[in-house]
Amino acid sequence: MKVVILAGGLGTRLREETEFRPKPLVDVGGRPVMWHIMKTYAHYGFRDFVICLGYRGNMIKDYFLNYEAMNNDFTICLGRQNQITYHEDHQEQDFKVTLAETGWESMTGGRVKRIEKYIDCDNFMVTYGDGVADVDIPKLVDFHKSHGKLATITAVQPVSRYGILQVDGEGSVKKFIEKPLLDGVASAGYMVLNRRIFDYLGGDDCILEQEPLQRLAEEGQLMAYRHDGFFFAMDTYREYKYLNELWDNGEAPWKVWE
């Protein structure tokens, strides 16, 4: 089953890091956050990726084109022979990565529509290039196959970005709760979709999370897989720092691989 990663957004809320590179290439622990996402899928045996490129997509192409040289010792013969011998085998030997240009200004649904030609199976997975999680991917896939609907989206309970105050009519604070869990659930990405989803997608301005998923919900074709573990999206510089602190301290819950 192929894994589609949306990697074309501008990442404007993380401008400190994304002014000169796409957000999926922003480092966590010295590796692009997209690499962490791919390692999670690969841990469970899903190693066939389609990357939807947009903003500074050439940098993502360069990253993969130079992957062997940057992750191995090697000997190079200069001159006309131009031979390179790699001396080590990195752990991503069997990754298959399709890099697809999907437009600088395309929305999420438009990007997925553009890679339809690369989807040759009934079901495929889609996620964002900036959110790490310890989702049990096989259980997610099994859940999707069990209900027979067109789409499954992973749902998590969101956490407030702010401390919550309970205040009486006179302004006296009766309780302070630091970043509590909020009611309801939120989308974490990590979707499994049937290829019939392409019939719901329009042009480049199509936003997957709006009309297509709303229509699927109305038709009873959208299911939620509840994930009670770790999920964190890197949208701001503060969140970038937090993920790096977790990694540096050996406390990264999403590192399910060895």
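Data for the structure
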quantity	calculated
Cβ-Cβ FRET estimate between R196 and E19, R0 fixed at 41 Å, reported to 0.05	0.55
Mean projected area (nm²) of the alpha-carbon convex hull when the chain is viewed from all directions	17.8 nm²
Per-residue ³J(HN,Hα) for segment 56-64, Karplus 6.51 cos²θ - 1.76 cosθ + 1.60, θ = phi - 60°, Hz, x for Gly and Pro	6, x, 4, 6, 5, 4, 4, 4, 6
Sequence-distant aspartates and glutamates (8 or more away, or on other chains) whose Cα lies within less than 15 Å of K96	D48, E68, D120
Greater than 25 Å apart at Cα, pairs in K23/K241; K2/K145; K39/K149; K39/K241; K39/K145; K23/K145	K39/K149; K23/K145
Table column - 3J(HN,Hα) (Hz), segment 107-122, Karplus curve with 6.51, -1.76, 1.60, x for Gly and Pro	8, 4, x, x, 5, 5, 4, 5, 9, 3, 5, 9, 9, 10, 9, 5
Estimated distance in nm for a label pair at S146 and E105, the labels positioned 7 Å out from Cα along Cα-to-Cβ	4.5 nm
For segment 1-144, the spread of Cα positions along each principal axis, largest first, Å	51, 35, 32
C-alpha long axis of helix 33-43 to longest principal axis of the chain, angle in °	80 degrees
Neighbourhood charge, 14 Å Cβ-Cβ cut-off, centred on E19 and excluding it, Lys, Arg +1 and Asp, Glu -1	+3
Percent of beta bridges antiparallel (DSSP, the chain, rounded to nearest 5)	50 percent
Cleavage-rule hits (trypsin sites (Lys or Arg not before Pro)) in segment 64-147: DSSP loop, at most 16 neighbouring Cβ within 10 angstrom	R80
Potential extension, F74-A224 segment - 0.36 nm per residue separation minus Cα distance	49.4 nm
Relative contact order of the chain, defined on C-alpha pairs under 8 angstrom at six or more residues apart (%)	25 percent
Relative packing of peptides 225-235, 128-138 - highest average C-beta neighbours within 10 Å first	128-138, 225-235
Low-density loop cleavage sites - GluC sites (Glu not before Pro) in segment 12-77, where at most 16 other Cβ are within 10 Å (DSSP)	E19
Length added when fully stretched, N58-D235, from 0.36 nm per residue minus Cα-Cα	61.6 nm
Degrees between helix 137-147 axis and first principal axis of the chain (Cα, 0 to 90, nearest 10)	60 degrees
Cα-based Rg of segment 177-258 normalised by 2.2 N^0.38 Å, two decimals	1.43
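Where a number appears in this text, it was derived from the coordinates with a stated rule and is not lab data. Computed from a predicted structure; not experimentally measured. So basically every Cβ, Gly included, is an ideal-geometry build from the backbone, and we count neighbours across all protein chains shown.
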